[in-house]
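Engineer: The following block contains the structure, expressed as C-alpha cells.
Just so you know, all these numbers are worked out from the coordinates, no wet-lab data involved. This structure is a prediction, so every number in the text was calculated from the model and none was measured. We place every Cβ from the backbone using ideal geometry, glycine too, and count neighbours over all the protein chains shown.
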Amino acid sequence: MNPDGGGSSSSPPPPSASRGAGAEAKEEERGGKQVVVVLVGPPGSGKSTFADAVVAGSNAGRRWVRICQDTIGNGKAGTKIQCLKATSDALKEGKSVLIDRCNLEREQRADFVKLGSTLHVDVHAVALDLPAKVCISRAVSRKGHEGNLQGGKAALVVNRMLQKKETPLLTEGFSRIMSCNDDGDIKKAVDLYNALGPSDSLPSGIFCQKSKGPVQVGIMKFLKKGDTSTVEKSSGPKITLSETKPEQQKPLPKHEKVEEGMSCPMEIEKGLNDKNENEEHAKECDSDTAADFLQKFDNITYIRLVLVDLSEKSRILSLVKEKASKKSIDCSRFFTFVGDITQLHTKGGLRCSVIANAANWRLKPGGGGVNAAIFSAAGESLHHATKKCADALRPGTSVVVPLPSISPLHQREGVTHVIHVLGPNMNPMRPDYLKNDYIKGSKILHEAYNSLFENFASIVRGHMGKQNEKLGPEMSASGGTSPNDTKMKREDSHGSERMKKHKLLPPIMTVKQQHECTKANMPNYHDKSITSSAAPNQAREGDTKKSGVVASKTWGSWAQALYELAMHPEKYKNTDSIMETSDEFIVLKDLYPKAKRHVLVISRTDGLDSLADVKKEHLPLLRRMHSAGVKWAQKFLEEDASLVFRLGYHSVPSMRQLHLHIISQDFDSTSLKNKKHWNSFTTPFFRDSVDVIEEIEQHGSATASSDEKILAMELRCHRCRSAHPNIPKLKSHIANCKSSFPSHLLQKNRLTSS
DNA sequence: GTTCTAGAAC
DNA sequence: GTTCTAGAAC
C-alpha cells in the first residue's frame, strides 16, 4: 500500500538511512516501525479528537495509543513524567503513540523527541495550526473538557500559549513535521495515519498542508498551489527573490505576518552547482544569508523569501530546504516553490512583487535559462529599464530595476521590480573567470546573495544604502525608480472592474450639486449629491502622456468627500470640522472617529489621491503634513496626557485625496465597528508617516504598501497581540490592556506621546 | 432568541 | 467611507 495514503505529497519515502542495523533489528522484534506522533496545538485545536480518530480509525493493523496528560492519572490531570513513562511502556509493547498535550514550546516536546530517539523510534510532529480565534472559540465553548479547561478561562490560556508557540522544526529531532491549517487538513492527516500499516513509514521532511481554508489560511493557502502536482518541465534549478503578497495573511504568534517576499532562481549559483560537491556551498549561502536576512526583518516587516525551481526533482532545492529547516528558519518565511518564475501568480498563485534574475554580466536579455525566460516574459520594457540602471554587473553584485507597468510581467504577474544578480563565474569564456577556485566562488556567491537581499530590503523598507533615521534631506536616488512604474494593480472596491489604464479625471460638480453641498455645509460622506454627473471615473485622455499606462483606482461616489473639502475648504468654513486650513493641506476632524482623537491632514494637491500617487516632488508636502499632524497630536496631549498618537496613511484608502491619519491609540469609539476598521489602523495596512517619508526619500515611491487582503486578518490587540473572536470582545479587551506597544512602534518616533 | 459578520447598496 | 440586513454563529 501507499503509506502516503493519497495525501498531498508525491515524494517517495526516503530510505531510512539514519537508522543503524541495531534499530532495524529492534523493529523486527517488535514487528514493525513504530512512531511517536507529538501533537502540537493549543487548547481547542482538536488534539484529542485527532488522537481519538487515529486510534479508532486505524484500519491497517497498526496499534495506536493516545497519551493524554489531562487523563493519565486515573482519569485525572497528570504530569509530563507520567506521559513519558506511558509512552515508553507503550512503545515497548509495540504500540505507536499519539502524545495529546499542547507541546507548543520546543522544550515541552523535547523529552518526547529524546525518548523516541533513545528507543530508535521515529518521532513525528503534527501541528494543528488552526486560526487562533477558532481554537479560542472552541476551547471557550466546549463542555465537559477532560482538563476542565473551558469557558472564559480557556480564552486567556489559549492566548497566552499562542504567544509562546514555537513551530516544530526538524532540528529538534522530528523526522517528519506536518502542519494542518483547517479541518480538511486534519481529516487528511488522520486518514494518513489510519492507513499506516505496522511496517509502513511516512516520508520524512516538512509537510505543510496547504489546503484552502475558510478564512485565515494565509500563506498556507497559496503554498498549496505550489504542490508538486503542477510541475513543469525542468531546465535546471534557480532561486528567485520576489516580494510576495500572500492572498491572505495568517498571523503567526511571534513574528506575526509575512508580507513582502522575494523569490530567486537557483541559477545564481549555476557555475558552482556544476559539480555536486559544491552544492554544499550553495545551500550554505542560500540558507545562511536568508536566515540572517529574515532575522533582520523579524517582527518588522512581512518578509518572505521564495526559492523557485522548475523541477521538483531539483537536488539543490531539497538541499536548501533541508538546510533551511536545520537553520530554524520559519518555513513560512523561507520556502521553496516548484514552478515557473515568470508565472508565479497566474500559475502558482504566488504574488511576488520582486523577482531576482540570475543575469549575465552584460545584462543582456539573451542566453538561456531563467535570464532569457524573464526577459522574454517581461518584454522590451525590462530591457530598456535595465539599460537605464546599469550597463554591466560584477560577480557578487546585483541591481534593482523597477519593472515598468506596461510590462506583461508587471501586469499579469504583479512583478514591480526585477533584481538582476550575478553569481560567481566559472566559465572560462567570460570575464572574471574563477578557474576552479570554489572557495572564492562561494565567497562571491555569498556576496551575491547579500547584495540581492540588501536590494530586496531596500525595496521593501526603502532602505537603499545607509539608514537614514531622521526625516532629513533627500537621499540619493535609487537607481532610477519611477513612482509610476511601481504602482500596483488594484481593483475597485467591488472587485468587479479591473483598474483603469489611465489616470482618472477628478469629478466635476454640477451647479446644482455644489448648491446642495453648500446648503448641507459639509460634504456628506455617503450622499450622492456630491457625485459628479460627469461620470467621475472616466479616464482623462491627456494624462497618459509620459509613462503611458498607470494603474489607478476607481473612486466611488462616496469617496469624493475629502476631495471636495480639500478643493473648496472655504465652503465649509462654518463647520467646526475643519480645524486648520493652509494652501497645502487642511486639518479635519474625522467625521467617524475611530478613537478618542482622530483627525485627518488632507493634502490640497489635485490629483494626489493616495500613496500610490506620491513621488519625490511631494516630499516637502509630506513633511509639512507630518509636522502639522505632530503639532495637533501635541495639542491633544496637552488636554489628555494619557493619549498616545500614531500618524500614518492607509495603504489603499477608501476616500480619494491623500490624507494622513492622526489617531490616538485608545481606539475608544463607537464608530470603530468592524474588522476592516480595526485592521486598517493596526496592521501594516497602516503605513507610518515616518516610514512613508523615508521610503520616498530613498526610493522615490512608497513601495511597501500592503494590500487590502490584510484587512480580513484575524483580530489582534495592537498592544499585546492577543487574538479575539469578534469586535465587541476585542474592544472590551483593549479597554483594559496595559501591555506596552510592540517594539517596532517604539522606534523612530512612530508613536507620539507626552 | 440574540449577537455578530459580511456583502450589497449607496 | 456608512448603512442595511440576511443569515451565520452563538
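Engineer: If you keep only loop residues by DSSP, which GluC sites (Glu not before Pro) in region A:675-709 have at most 10 other Cβ atoms within 10 Å of their Cβ?
Structural biologist: Details: sites: A:Glu694, A:Glu695, A:Glu697, A:Glu708; in loops: none.
Answer in residue order: no site qualifies.
Engineer: How much length, in nm to one decimal, is gained on full extension between A:Ile406 and A:Gln163, taken as 0.36 nm per residue of separation minus their Cα-Cα distance?
Structural biologist: Gain on extension, A:Ile406 to A:Gln163, equals 83.1 nm.
Engineer: Please give the contour-minus-distance gain from A:Arg142 to A:Ala60: 0.36 nm per residue of separation, less the Cα-Cα distance, rounded to one decimal in nm.
Structural biologist: Extra length from A:Arg142 to A:Ala60 when fully extended: 26.3 nm.
Engineer: Along Cα→Cβ, 7 Å out, is where each label goes; now give me the distance between the ones at A:Ala712 and A:Lys635 in nm to one decimal.
Structural biologist: Label-label distance for A:Ala712 and A:Lys635, simple model: 4.0 nm.
Engineer: At a Förster distance of 60 Å, what's the computed FRET efficiency of A:Gln108 paired with A:Lys387, Cβ-Cβ distance as r, to 0.05?
Structural biologist: 0.60
Engineer: Also, quick follow-up: Run the quick spin-label model on A:Asp183 and A:Asn674: label points 7 Å from Cα toward the beta carbon, then report their separation in nm to one decimal.
Structural biologist: Spacing of the two 7 Å Cα→Cβ label points: 2.5 nm.
Engineer: Let me ask something else about it. Compute the distribution of all C-alpha to C-alpha distances in region A:29-209, in bins of 10 Å from 0, and list the percent of pairs in each, rounded to whole numbers.
Structural biologist: In order of increasing distance, the bins hold 10, 40, 38, 11, 1 percent.
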